């Protein structure tokens, strides 16, 4: 069998990609289990918004590197106050800047404040989390190490109680735990589907 280059190297899937993919699947399965337990206890009856959401996003970079960014996320959300959701979001990201590829997997806690409207419901997100990245450099930026923190801010609308669309700014950096800390600033347009 001939050796393949790129995504399939030497006949097997690239190891960092496989590890991130399995981590994301594990987190999604765990959240599906938690969602089932939550459904048995009544779900998010206070807001009418499902307790579990799958999301996909596409975006780019504020760093001027012309990178393409794709994200998958699964969110477990629960109301903690009226019109206020707390979300646990495991994520898997793919970033490509002219052939320089970076994978990131992690999880964030996100606070979502809903405006008290009927129909189209606006919201604001604020969150932070931890991530593991496949390499310590990307698009000429020295990231320092493989462990990163993220901060995010965004907003959007629930088009229905099950479908949301939002915009997010996301900053990844190591918060100074490594000497090199150039970070990555990204934007995403995110589509969420409640299950």
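General observations
- Burial order of peptide ranges 172-181, 127-136 (average beta-carbon count within 10 Å, highest first): 127-136, 172-181
- The per residue volume of the convex hull around the alpha-carbon atoms of region 68-195 is 92 Å³.
- Relative exposure of 168, 112, 161, judged by other C-beta atoms within 10 Å (fewest first): 161, 168, 112
- Highest to lowest packing among 100-110, 150-160, scored as the average C-beta count within 10 Å: 100-110, 150-160
- Per the Debye formula on identical point scatterers at the alpha carbon atoms of region 61-110, with no solvent, log10 I(q)/I(0) at q = 0.18, 0.22 Å⁻¹ is -0.66, -0.79.
Since every read-out is calculated from the coordinates, none of them should be taken as a lab result. As the structure is a prediction and not an experimental result, all values here were calculated from the model. Cβ sites come from the backbone with ideal geometry, for glycine too, and all protein chains shown count toward neighbours.
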